[in-house]
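Working notes, beginning with the structure itself.
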């Protein structure tokens, strides 16, 4: 059976690519109101595609962007998995840094460039093609599959909790499967055991009702741009330690076993820096680079704007400044506690004469999986067959805010089975997907469904 | 004669306003390449207008924007004054904060709103109307007048030194007159005795070849936006003291006489704050607000840009950040020495893993006038006649980079006779000109020419 499926996948690859290109051409940027219609169009396209491969599928409205639900439930008595993905994407700007149009899929060698190629359209589409391979060769799936594809992952999934609440029975499952994460590196197929949480803010500063002439008023008027710098400099010290009081109180220390498993992974600092174009690795003292990215919390400025940013000189004291800043959280930090501590601290460090407005965009807790679940063994075997290489367990620094909610809600484990590579520019210009990994991923998913079906119950 | 001139000015005011509106409609933004043709059109319009009032005028090309030269030299034996002004303006952005279109002059009460209304089109145009009043009533001027109106003041006058060098004999004069400064307040006509210099930079930071996902890499990758904040916070301490080593070495201390004269001016801190919309006055410890703005050097962030600045959240580690930063200099600071000290300091405080590029846009020394010159007495009398109020001597915190060059070159004094008010939003949205002051200014200038003519030689 596996051979027949592998052959089907190989024989239909050219058509599969063309279909994936159609999906990637839709600019479903969930954070932008001007892209609302395109985001809905992406949901409709996805549901229609699910139907063409043999699933039942519908587009269901929410308060925000719609959710696509698809399912095949022809194996009563066999386990049911729920595959989660998202059809929305990050904004494409700065567009000038893309080498090809972000919404025109462009293949160079084994790389497919497009916004959403790896995060997450390409990844959930690999599941659809694995499902298609079973249905078109055997006429059935080896177990029951439900898919939930949302359109708000990149903005913190605001409508999903209510949606899950409303459709909880219909979505009941024995295992959650998500392919929205990364491989450790090319050649090492990976199961991700943990994710960081997030806490994301925008700070709006105002020092005056309008911009002022820096000659006439410089020296006496507060400057929102200077205030922004002073605030940023107090968020972290120069050794990377976050200065928000109480921030580290609930951080779960790294265990000796985890530390040993991370240390056993091949990691070449210079190659890592070269790959993503860094001149130095920085961060919290006393931790390795993998620890800093996977099990330690951190803080980053995500955006900054104040005063005159055009060509040449303008002698102005900016009245306003904007800082986007987010923290990555680890077990057992509580986003609500962090939110309160951060806001109180930022209010305290805002300089005299400057008004502060704090906007809170999203918060989610971190997640750690238990690898003793039998599905994890099946996934390791499927990965090793699909990729023809030894699989590894890792963690990931990013966040999938909904993982905790869904595992708790359904009382199931979550298997994070990602196809991304660290340098694929998710959220950045020139995002791409490695087509070798995609090909291996489709095979892996198809084999994985088969192995789960053989397991019977779990 | 003075009565006849005052009557002419009053009788022709409506037409004068219409002409000034034509001038203000031309978007002569010298810093923007896309406005190059409009900037030239402004020069052509100005020269043509000079001819209609009876001056000889021409537009002379430079390496950059052209210079308008105009003159009336019909009084051999009488002194010659050189009036300097500029027809270029600051960029109008942020346009959304304007209450009327920046290049459509809009009168509300005694306020004329438009980019360039006070800085400097309205001010040099008042001289043209005072000249017109003499020529149309008496058929001649009481002394010789040359006008030089440049198109690069707002970008640091890069082409003017070479222009002055080439046309030095033709521009020879006995007194430089500039109306590009402000009155102390409405009701107090003002002669400005000093200006601050400037040193303006752009810092370009790069921490990575491309933006990174803040989840995957946060904690290990340097962040250009965080670096920008850390650099800004080290430029000034929280008491407003600039941290560049050697920055204060050559600052001329304020004299007891100056201090006394500043202290004698009416200054209501609360009213000042209310007028420009401040919640606090900040600045260097140990100095009054007027001292901080007039005789002490300072540093301001003029612009800031990094990462994602659109709507909502984008979880990115910015690869780039841009800081525009300028210092206002006082006697006897040397811009070249300051440039070197600033650049060396900024290189030293740039965090590890971040590349720094320093762009230097402009530098000019500060200026102080000697009020014992006989023309200053004539100016005080003319101001008191024109405004019907007692005149004051002040300083100004802004810069007119070319003042030092011209006074040295021609071996003359410079009289800064400004019509602006502190709240007229020069360089900011909703720039305006007080039409009461403009009216009084035209009368003042006309009387001033008459008094200088009576002085004979100076």
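What follows draws every value from the coordinates through simple rules; no lab data is involved. Computed from a predicted model, the values in this text were never measured in an experiment. Positions of Cβ are generated from backbone atoms using ideal geometry, with glycine treated the same way; all protein chains shown enter the neighbour counts.
Quick notes on this structure:
- 16 Å reach of a label modelled at residue B:337, 7 Å along Cα-to-Cβ, counting backbone N of region B:296-311: B:297-298
- Between copies, the label points of residue B:74, set 7 Å from Cα on the Cα→Cβ line, lie 10.3 nm apart, reported in increasing order to one decimal in nanometres.
- 7 Å along Cα→Cβ, label-point gaps from residue B:343 to other copies, nm, shortest first: 4.7
- Cα-based values for region B:131-280, radius of gyration first and Dmax second, are 24.6, 79 Å.
- From the alpha carbon centroid of region A:263-330 to that of region B:352-368 is 25 Å.
- Reported to the nearest whole Å, the Cα centre-to-centre distance from region B:182-208 to region A:398-458 is 57.
- Mean separation of Cα contacts under 8 Å (6+ apart) over length of region B:76-182, as relative contact order %: 48 percent
- Cβ-Cβ distance of residue B:360 and residue B:18, R₀ of 51 Å, FRET efficiency by 1/(1 + (r/R0)^6): the value works out to about 0.75.
- The stretch between residue A:407 and residue A:95, if pulled fully straight at 0.36 nm per residue, gains 108.6 nm over its current Cα-Cα span.
- Nearest-0.05 FRET efficiency for residue A:271 and residue A:169, computed from C-beta distance (R0 60 Å): 0.75
- Normalised by the number of residues in region B:199-354, the mean separation of alpha-carbon contacts (under 8 Å, six or more apart) gives a relative contact order of 45 percent.
- Residue of chain B nearest the B-to-A rotation axis [by Cβ], rounded angstrom distance: B:233, 2
- Working from Cα pairs under 8 Å separated by at least six residues, relative contact order for region B:1-128 is 24 percent.
- With Cα atoms, 0 to 90° folded angle of helix A:224-235 axis to chain A main axis: 60 degrees
- Each copy carries residue A:332; placing its label point 7 Å along the C-beta direction from Cα gives inter-copy distances of 6.9 nm, listed from smallest up.
- In this calculation the C-beta distance from residue A:372 to residue A:25 is compared with R0 = 51 Å, giving a FRET efficiency of 0.75.
- Cα gyration tensor shape of region A:410-458, rounded if a/c is under 1.5, else prolate or oblate by comparing a/b with b/c: oblate
- Helix A:36-53 vs. chain A, principal-axis angle (Cα, 0 to 90°, nearest 10): 10 degrees
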